Amino acid sequence: MAICRLFVEQGAKVWLADLEPADSEKVRLALEQLGHAEYLRLDVTEREDWDSAAAMIGDRLDILINNAGIAPTGELEILPLEQWQEVMAVNCQGAFLSLATMSGQLARAGTASGRWASVVNISSILAMVGMAQASAYAASKGALRSLSKSAAMEFAQAGRPIRVNSLHPGFVETDMTRAGSEAMSDAGNLLETLGSETPMGRVGTPEEIAYAALFLASNESSFVTGSELTVDGGWTTH
């Protein structure tokens, strides 16, 4: 929501997508908070859902943020194969389908505006460093990092005006990381511990990640494609 909120504040027409039914109370409250946004129900793992989303949004698609993600935890020996496959489908396959489906609209928007369209794939520092009991999540985010680089090169070499970059947050206090922290730790607050081990002495906020996404989406990053932006309080300097 922080990314959507910031983009609305900056004057963007925002489409918010999730698995919630369009008439749910959760969606109503989210749209009420944002003030100016549209909603579409989207299962990012389904090609048909992406086709429907493309038809609803139309050709004026300048920015695409792939932020769908799940993060089940568990030791390798006991992690069910079905969970591994689900994580890969949501965290990486979803971004692949978005690019495969939306690239034509993005290219047309980039050509029409004279500014390259921008895709921001929300990856993680776990694409670059390891963490016990997070193998499926880390693998999916590593795949997303590589997908971003290859797509950026493919579009640029084909003369299609679409920039693709990945954004790599460190440990940020969200509902998902809070739940993961509780699942992985038998004693104490793991998220608090991770914050204390971060060089800057704390975890990040969703708003700090949103501003990084805004940079990559904006024309201020017009010469940036195939890159990764790490926002982690110094964690990867370890």
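The values are calculated or read from the model by the stated rules, or taken from the named source; none is laboratory data. Computed from a prediction, not measured in an experiment: that's the story for all the values here. Quick reminder, even Gly has a Cβ in these numbers, built from the backbone with ideal geometry, and neighbours come from all protein chains shown. Only protein heavy atoms, including side chains, enter the accessible area calculation; ligands, DNA and RNA are left aside. Shrake-Rupley method; radii C 1.70, N 1.55, O 1.52, S 1.80 Å.
Conditions (1) open to solvent by less than 30 Å² (accessible area, probe 1.4 Å); (2) in contact with a Pro (Cβ under 9 Å, 6 or more places away or on another chain), marked per residue:
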site	(1), (2)
Ala17	no, no
Glu20	no, no
Asp23	no, no
Leu40	yes, no
Asp51	no, no
Gly74	yes, yes
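Among the residues of region 55-72, count how many are hydrophobic (A, V, I, L, M, F, W, C) and within 20 Å of Pro21 (Cβ to Cβ).
5
Matching residues to (1) small (Gly, Ala, Ser); (2) open to solvent by less than 20 Å² (accessible area, probe 1.4 Å):
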residue: Arg108; (1), (2): no, no
residue: Arg115; (1), (2): no, no
residue: Ser123; (1), (2): yes, yes
residue: Gln133; (1), (2): no, no
residue: Tyr137; (1), (2): no, no
residue: Arg145; (1), (2): no, no
residue: Gly159; (1), (2): yes, no
residue: Ile162; (1), (2): no, yes
residue: His168; (1), (2): no, yes
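Any residue at all in region 33-54 that is touching a residue at least 60 places away in the same chain (Cβ under 8 Å) and not aromatic (Phe, Trp, Tyr)?
Checking region 33-54: not a single residue is touching a residue at least 60 places away in the same chain (Cβ under 8 Å) and not aromatic (Phe, Trp, Tyr).
Within region 1-15, which residues are open to solvent by 30 Å² or more (accessible area, probe 1.4 Å) and not small (Gly, Ala, Ser)?
Within region 1-15, Met1, Arg5, Glu9, Gln10, Lys13, Trp15 meet the criteria.
Filter region 211-234 down to the residues that are outside any helix (DSSP H, G or I) and out of contact with any helix residue (DSSP H, G or I) (no Cβ under 9 Å at 6 or more places or on another chain), then identify the one that is surrounded by the most Cβ atoms within 10 Å (Cβ to Cβ).
Top of the filtered list is Ser218.
Looking at Thr73, Thr101, which one is closer than 29 Å to Gln133 by Cβ and either β-branched (Val, Ile, Thr) or touching a His at 6+ places or on another chain (Cβ under 7 Å) (or both)?
None of the other options fit; the residue is Thr73.
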